[in-house]
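Structure, as structure tokens:
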Amino acid sequence: MNQAERAGLTQRQLDSYWMPYTGNREFKSDPRIITAASGNYLTDADGRQILDSLSGLWTCGAGHSRPEIAEAVFKQLNKLDYAPGFQFGHPLAFQLSERICDLAPEGLNRVCLTNSGSEAADTATKIARAYWRQSGQASKTKILARQKGYHGASWGGISFGGIPANRKLWGQGLETDLLNHTWRSESVFSKGMPEHGAELADELESLIALHDASNIAAVIVEPFSGSAGVIVPPKGYLQRLREICTKHNILLIFDEVITGLGRSGAYWGAEAFGVTPDIITFAKQITNGAVPLGGVLLGEEIYDAFMTKGGAPHSVELPHGFTYSGHPVACAAAMATLDILESEQLIERVADKAPEFESKIHSLRGINHIVDIRNFGFAAGITLAAKAGDPTLRPYEVALECWRRGVYVRWGGDTLQFGLPFKIESDEMDRIVSTVAESIEALDPA
Ligand code: PLP
């Protein structure tokens, strides 16, 4: 009997669902079924308690199944399940937007709400292009981004995303170009931000020379690349990107879907890295993963460009939005999440405990097959040496061994990835680290 059968699933049910970003053949041959979750633990179909080292998918930092969020969602469903978001409003969408603006870096004081990080990236880049058009510079349409970047699975995200496996199936997308990523062999095992490599940002000057600033709307980067395995920018790199964007009149967008709302040890990666972009995208942690919600933060200069040139007073200034933009239930979950982050001082906790995590995750240096470890805040990535000529094989095998040993670890490309729950205890950090070491050792003894 496999876990699907133990969870009461039939083969037909298993076959019916084409799972996202999943090796469906492998999964369905040995399903891993999660039936419940609470705090820092998932429960699988065998009733095992599995320590969650990725907070879901970087989503549930405040711990799983928080009753405060469940209650807020339940209350909201009973009061106002849905309100049309086009041409009508409901109080929570405005209250939540104000609250996010209050937390935002200075100058970012307008919010669009979406349902996901992918929609947030699309929305941000559409606004960037439309902003230049509104400002009389309609040729500024290209979006520059970075190799190994991840900005979601929609046409925008796969066009300016830089993870090859996510891109190569789809053919031609939007007009984009990519900066080099910031991973450098000289900087392996850096703790936090690598000392050297800020000059990598100067490559943006070359791309601008190639495409011309008159054709470029925006540069979008994650403050640190999350899905590529936590690639942390070298000291001074983001500052340099900021300077070059300002110099050439190009909008800088930080995709903070992973780095925002606590994971960096601050509300925003922008704050943690000391660089303010023109636009920020967020999602995941905003509702603690409980209900889909994302969004875009920007300044009034961009907003006003639409308001002052929006045509007749009743006309729609930005013909963009989703049926579920600002969904009342998602807004209620977000308000409850922000309450928890604040009242339990979870972001301060991440900042306090990040050095402990740094030293623990780096204690794996020297374990066979580990060729790099990177960390920032409550995020870390480990690169494993290729096995049998396939860089993706060992991470998959090691992560599954960790799962068998009771720790959920994410694998992606040649990396293992960690996004700790904000309330993790020291002994749980130890357990994650020792399980990774033991799993590697068990599979491929030195
Ligand atoms: N941007 C970044 C940086 C992400 O990490 C992700 C998802 O992992 C996305 C965008 C896409 O978010 P979603 O999967 O909610 O569409």
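Please work out if A104 is touching a Leu at 6+ places or on another chain (Cβ under 7 Å), surrounded by 14 or more Cβ atoms within 10 Å (Cβ to Cβ), under 23 Å from L416 (Cα atoms) and not β-branched (V, I, T). Give the steps one after another, and end with the answer.
On the way: touching a Leu at 6+ places or on another chain (Cβ under 7 Å): yes; surrounded by 14 or more Cβ atoms within 10 Å (Cβ to Cβ): yes; under 23 Å from L416 (Cα atoms): no; not β-branched (V, I, T): yes.
Against the criterion (touching a Leu at 6+ places or on another chain (Cβ under 7 Å), surrounded by 14 or more Cβ atoms within 10 Å (Cβ to Cβ), under 23 Å from L416 (Cα atoms) and not β-branched (V, I, T)), A104 does not qualify.
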Of all residues in the range 255-313 being of a type in the set (D, E, K, R) and away from the ligand (no atom under 16 Å from the Cβ), the one that is nearest to G419 (Cα to Cα): E271
Some residue of the range 315-338 being of a type in the set (V, I, T), loosely packed, with under 15 Cβ neighbours inside 10 Å, in the same structural domain as A83 (by TED's automatic domain parsing) and over 21 Å from the mean Cα position of the chain (by Cα): yes
E222 touching a residue at least 40 places away in the same chain (Cβ under 8 Å), within 30 Å of K423 (Cβ to Cβ), surrounded by fewer than 23 Cβ atoms within 10 Å (Cβ to Cβ) and not assigned by TED's automatic domain parsing to the domain that holds L57: no
If you check every pair at least six apart or on different chains, which have Cβ atoms under 7 Å apart with a residue in the range 1-24 that is closer than 24 Å to R410 by Cα first and a residue that is at pLDDT 95 or above and among the aromatic types (F, W, Y) second? M19/F27; N24/W18
Being part of a helix (DSSP H, G or I) and modelled with pLDDT of 95 or more: is that true of V350 here? yes
Can you pull out every residue in the range 170-187 that is more than 20 Å from G157 (Cβ to Cβ) and part of a loop (DSSP other than H, G, I, E, B)? W183, R184
Sort out which residues of the range 357-386 are assigned to a helix (DSSP H, G or I) and more than 23 Å from N288 (Cβ to Cβ), and write them in order of number. E358, S359, K360, I361, H362
In the set R394, R410, the lone residue that is more than 23 Å from T59 (Cα to Cα), touching a Leu at 6+ places or on another chain (Cβ under 6 Å) and charged (D, E, K, R) is R394
Number of positions in the range 419-434 that are of a type in the set (A, V, I, L, M) and more than 12 Å from N40 (Cβ to Cβ): 1
Tell me the residue from G274, G265 that is over 17 Å from G152 (Cα atoms), without any contact (Cβ under 8 Å) to a residue 40 or more places away in the chain and not hydrophobic (A, V, I, L, M, F, W, C), please. G274
Could you please find all residues in the range 365-403 being free of Cβ contacts under 8 Å to residues at least 24 places away in the same chain and charged (D, E, K, R)? D390
Matching residues in the range 127-169 - criterion: being in a loop (DSSP other than H, G, I, E, B) and away from the ligand (no atom under 16 Å from the Cβ): S135, G136, Q137, A138, S139, K140, T141, K168, L169
Sole miss for C60 among (1) assigned to a loop (DSSP other than H, G, I, E, B); (2) in contact (Cβ under 8 Å) with a residue 40 or more places away in the chain; (3) exposed (fewer than 15 other Cβ atoms within 10 Å of the Cβ) is condition (3)
For the range 105-126, which positions are among the small types (G, A, S) and more than 11 Å from the ligand (Cβ to nearest atom)? G107
Failed item, numbered, when E199 is tested on (1) over 22 Å from I382 (Cβ atoms); (2) of a type in the set (D, E); (3) crowded, with 24+ Cβ neighbours inside 10 Å: (3)
Restrict the check to the range 115-125 and report whether at least one residue is in the same structural domain as C331 (by TED's automatic domain parsing) and not in a helix (DSSP H, G or I). yes
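The values are calculated or read from the model by the stated rules, or taken from the named source; none is laboratory data. Keep in mind the model is a prediction, meaning the values are calculated, not measured. Ideal geometry is used to build each Cβ from the backbone, glycine not excepted, and the neighbour counts take in all protein chains shown.
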